[in-house]
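Enquirer: Take this structure, written in structure tokens, and hold onto it; I'll ask about it next.
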Amino acid sequence: MRLLTHNMLSCNIKGVSNGFPLRLEAEKWVEKEVELNADFLRGIFPKIEWKALAGAARAIGYDQLPDEADASMLDSDDFLRRFHHALLELHVEEGALVCPETGRRFPINKGIPNMLLHEDEV
Amino acid sequence: MKLKQLEGLLGSLQQFSNPKVELEQYPTGPHIASRLLYMAENTFGGISGKVVADFGCGCGTLGIASALLGAEHVIGIDVDSQSLEIASKNAADLELDIDFIWCDIKNLGWRDQSVNTVVMNPPFGTRKKGSDMEFLSIALKVASGAVYSLHKTTTRDHIKRTALRDCSAKSAEVLCELRFDVPQLYKFHKKKEVDIAVDLWRFVP
Ligand SMILES: C[S@@+](CC[C@H](N)C(=O)[O-])C[C@H]1O[C@@H](n2cnc3c(N)ncnc32)[C@H](O)[C@@H]1O
């Protein structure tokens with residue numbers, strides 16, 4: 001699971017009012033290089049919840065993202081490279097996503113988060 | 001990538017080994033799948049450089065086709081973990097990076113408009129009434145650009161009404177009518193293959 005996917009997911013248990021962002025607990029992750037697409041990064045930047053991305057990146061030991069970001073930073077190649085790396089090149093293989101409100105854990109195995117809800121959660 | 005080449009690669013994918021009747025598990029054949037994605041990309045520019053979600057991805061055919069056509073990020077979602085395992089393997093065999101999520105589409109917790117495009121071949125709702133409509137309404141919330149989907153031609157009017165009225169889609173258009181060979185996966189199918197008419201739709205949320 002890439003951090004871009006993490007940035008879109010929230011906890012959908014019945015009654016939870018703020019299930020975003022899911023706290024990332026990473027036990028195993030891998031890096032896979034992909035080509036940087038600056039247009040893509042500029043286009044998606046406004047949709048990204050920055051704090052959630054920076055927090056998730058930190059959870060897997062990548063602390064090269066600033067705590068806050070605004071669109072003017074997209075002019076910097078250095079910023080784009082870091083943003084690209086965090087968003088698309090880090091893959092969580094094993095770990096869990098944890099609901100910020102209820103503490104419910106959604107395990108991640110072989111890169112696939114299990115977001116199935118129990119009967120009493122829907 | 002040429003259409004024939006895409007079709008050939010999709011034809012080489014492993015498909016459901018033990019299809020589950022209640023989940024309506026049958027693959028979109030390579031002919032239809034390649035044309036669906038080709039149209040989404042070449043006519044509407046909806047795939048290359050985009051974030052694409054494959055709803056009810058099964059063994060990954062539509063998501064993999066999206067990745068082959070240059071999608072920047074692809075997410076496949078299915079409620080069945082066995083299918084996801086096959087889909088992961090299919091993607092790895094082609095050296096494609098695709099994210100998979102094990103989830104019931106009905107309970108998907110996703111920020112609105114977080115993907116550009118949704119591609120799907122939802123359960124037609126023959127086993128569980130209304131599941132195609134559930135898929136559609138959630139796809140229209142999650143997508144910012146367009147939803148490409150297959151639905152039975154017999155339900156055309158109903159789909160159009162639901163999309164425009166209940167899901168407030170801006171447009172709902174049938175791009176073409178196809179013949180879908182649902183192979184004899186299930187014992188209750190008497191004939192070897194049931195050939196049904198299916199519409200390829202494009203919805204704009
Ligand atoms: C008709 S098959 C299509 C498979 C694949 N997308 C393809 O085109 O070859 C429908 C898929 O939807 C999945 N499915 C059915 N109900 C679902 C649900 N509620 N949530 C998520 N996936 C579901 C099934 O497991 C199956 O893989």
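The values are calculated or read from the model by the stated rules, or taken from the named source; none is laboratory data. Treat the numbers as computed from the prediction; the structure is a model and nothing was measured. With ideal geometry, Cβ positions are generated from the backbone for all residues, glycine too; neighbour counts draw on all protein chains shown. For accessibility, only protein heavy atoms count, side chains too; no ligands or nucleic acids. Shrake-Rupley method; radii C 1.70, N 1.55, O 1.52, S 1.80 Å.
Enquirer: Mind checking the stretch B:1-69 for trypsin sites (Lys or Arg not before Pro) that DSSP puts in a loop (not H, G, I, E or B) and that have at most 12 other Cβ atoms within 10 Å?
Expert: Numbers: sites: B:2, B:4, B:20, B:35, B:50; in loops: B:2, B:20, B:50.
Sparse-neighbourhood loop trypsin sites (Lys or Arg not before Pro): B:2.
Enquirer: Compare each residue of the stretch B:79-102 in its chain alone against the assembly with all protein chains, and report those whose accessible area goes down by 40 Å² or more; 1.4 Å probe, heavy atoms.
Expert: In the stretch B:79-102, residues shielded by partner chains: B:97, B:99, B:100, B:101, B:102.
Enquirer: Do any residues of the stretch A:11-28 show a loss of at least 30 square angstrom of accessible area between the isolated chain and the full protein assembly, using a 1.4 Å probe, and if so which?
Expert: Listed in order, they are A:12.
Enquirer: Say the dipole of the protein assembly as shown comes from +1 at the beta carbon of Lys and Arg and -1 at that of Asp and Glu; which of B:130, B:14, B:147 then lies farthest toward its positive end?
Expert: B:130
Enquirer: Now, a different point. In percent, how large is the relative contact order of chain A, given Cα pairs closer than 8 Å and 6 or more residues apart? Intermediate values should be presented prior to the final figure.
Expert: Details: 182 pairs, mean separation 46.3, N = 122.
Normalised by residue count, the contact order of chain A is 38 percent.
Enquirer: Is there a quick way to get the dipole size of the stretch A:3-114? I mean about its Cα centre, with the Cβ of Lys and Arg at +1 and of Asp and Glu at -1; what is the value in debye to the nearest 20? Don't jump to the answer; show the numbers that get you there.
Expert: Working: 13 positive and 18 negative charges, 131 e Å.
Dipole about the Cα centre, nearest 20: 620 debye.
Enquirer: Which value, in square angstrom to the nearest 100, describes the accessible area buried between chains B and A on both sides, using a 1.4 angstrom probe?
Expert: Values: alone 9970 and 7220 Å², together 14920 Å².
Buried: approximately 2300 Å² between A and B.
Enquirer: Pulled fully out, how much extra length does the chain show between residue B:21 and residue B:113, if you take 0.36 nm times their separation in residues and subtract their Cα-Cα distance? Walk me through the numbers before you get to the answer.
Expert: On the way: separation 92, 0.36 × 92 = 33.12 nm, distance 3.14 nm.
This chain segment gains 30.0 nm when fully extended.
Enquirer: Could I have the simple spin-label model distance between residue B:43 and residue B:204, label points 7 Å from Cα toward Cβ, reported in nm to one decimal?
Expert: Here the modelled spin labels are 1.4 nm apart.
Enquirer: Okay, next question. According to the square roots a ≥ b ≥ c of the eigenvalues of the Cα gyration tensor, what is the shape class of chain A, taking rounded for a/c under 1.5, prolate for a/b larger than b/c otherwise, and oblate for the remainder?
Expert: Numbers: a/c = 2.33, a/b = 1.68, b/c = 1.39.
Prolate, because a/c is 1.5 or more and a/b exceeds b/c.
Enquirer: Moving on to the next point. Å³ per residue of the Cα convex hull, for the stretch B:119-158? Could the numbers behind the result be given before it?
Expert: On the way: hull volume 2.7 nm³, N = 40.
Spread over its residues, the Cα hull of the stretch B:119-158 gives 68 Å³ apiece.
Enquirer: For the protein assembly as shown, what does the alpha-carbon gyration tensor say about shape, rounded, prolate or oblate, given a ≥ b ≥ c as the root eigenvalues, a/c under 1.5 as rounded, and a/b over b/c as prolate? Please report the intermediate quantities before stating the final value.
Expert: Values: a/c = 1.63, a/b = 1.49, b/c = 1.10.
Taking the square roots of the gyration eigenvalues as a ≥ b ≥ c, the protein assembly as shown is prolate.
Enquirer: Please work out whether chain B counts as rounded, prolate or oblate from its C-alpha gyration tensor, where a ≥ b ≥ c are the square roots of the eigenvalues and a/c under 1.5 means rounded, while otherwise a/b larger than b/c means prolate and anything else oblate? Mind dumping the intermediate values first?
Expert: Working: a/c = 1.26, a/b = 1.02, b/c = 1.24.
Rounded, since a/c falls under 1.5.
Enquirer: Let me ask something else. From the phi of every residue in the stretch A:78-92, what ³J(HN,Hα) in whole Hz does the Karplus formula 6.51 cos²θ - 1.76 cosθ + 1.60 yield, where θ is phi - 60° and glycine or proline is x?
Expert: Along the stretch A:78-92, the couplings run 5, 5, 4, 5, 5, 4, 4, 4, 5, 6, 10, 9, 9, 10, 7 Hz.
Enquirer: Next up: Out of every Cα-Cα pair in the stretch B:1-77, what percent are more than 19 Å apart? Working shown, then result.
Expert: Values: 922 of 2926 pairs.
In whole percent, the share of Cα-Cα pairs in the stretch B:1-77 beyond 19 Å is 32.
Enquirer: While we're looking at this one, here's another question. Over the stretch A:3-114, with every protein chain in place, what whole percent of the accessible area is carbon and sulfur at 1.4 Å, could you tell me?
Expert: Details: 2480 of 5470 Å².
For the stretch A:3-114, the apolar C and S fraction of the accessible surface comes to 45 percent.
Enquirer: Enter the accessible area per residue of the stretch A:3-114 (Å², integer; probe 1.4 Å; all protein chains in place).
Expert: Per residue, the stretch A:3-114 has an accessible area of 49 Å².
Enquirer: Next question, about the same structure. Can you compute the modelled spin-label distance between residue B:161 and residue B:126, with each label point 7 Å from Cα toward Cβ, in nm?
Expert: 2.3
Enquirer: Sticking with this structure for a sec: Can you tell me the accessible area per residue over chain B, all protein chains present, probe 1.4 angstrom, in square angstrom? Could you put the intermediate results ahead of the total?
Expert: Numbers: 8830 Å² over 205 residues.
With the other protein chains kept in place, chain B gives 43 Å² per residue.
Enquirer: Points 7 angstrom from Cα along the Cβ direction at residue A:28 and residue B:141: gap in nanometres?
Expert: 3.4
Enquirer: What's the center-to-center distance, using Cα atoms, between the stretch B:77-112 and the stretch A:63-94 in Å?
Expert: About 25 Å separates the Cα centre of the stretch B:77-112 from the one of the stretch A:63-94.
Enquirer: Full extension from residue B:171 to residue B:1: what is 0.36 nm times the residue separation minus their Cα-Cα distance, to one decimal in nm? Show your work: numbers first, answer last.
Expert: Values: separation 170, 0.36 × 170 = 61.20 nm, distance 2.90 nm.
Result for the pair: 58.3 nm of gain on full extension.
Enquirer: Set the Förster distance to 25 Å, then compute FRET efficiency between residue A:109 and residue A:35 from the Cβ-Cβ distance, nearest 0.05. If you can, show how the numbers build up before the last one.
Expert: Details: r = 28 Å, r/R0 = 1.14.
Given R0 = 25 Å and the Cβ-Cβ separation, E is 0.30.
Enquirer: Relative contact order for chain B using alpha-carbon pairs under 8 Å, separation at least 6, rounded to a whole percent? Spell out each step's value before the answer.
Expert: On the way: 424 pairs, mean separation 35.9, N = 205.
Over chain B, the number comes to 17 percent.
Enquirer: Name the longest site-free stretch of chain A, where the excluded sites are trypsin sites (Lys or Arg not before Pro) in a DSSP loop with no more than 13 other beta-carbon atoms within 10 Å.
Expert: Working: sites that count: A:14, A:32, A:110.
Maximal segment without exposed cleavage sites: A:33-109.
Enquirer: If you don't mind, there's one more thing I want to ask. Calculate the FRET efficiency for residue B:195 and residue A:73 from the Cβ-Cβ distance with a Förster distance of 56 Å, rounded to the nearest 0.05. If you can, show how the numbers build up before the last one.
Expert: Numbers: r = 55 Å, r/R0 = 0.98.
The calculated FRET efficiency here is 0.50.
Enquirer: Ignoring any ligand, DNA or RNA, what whole percent of the accessible area of the stretch B:1-145 comes from carbon and sulfur when the probe is 1.4 angstrom? The partial results should precede the final answer.
Expert: Numbers: 2630 of 5400 Å².
Roughly 49 percent of what the probe reaches on the stretch B:1-145 is carbon or sulfur.
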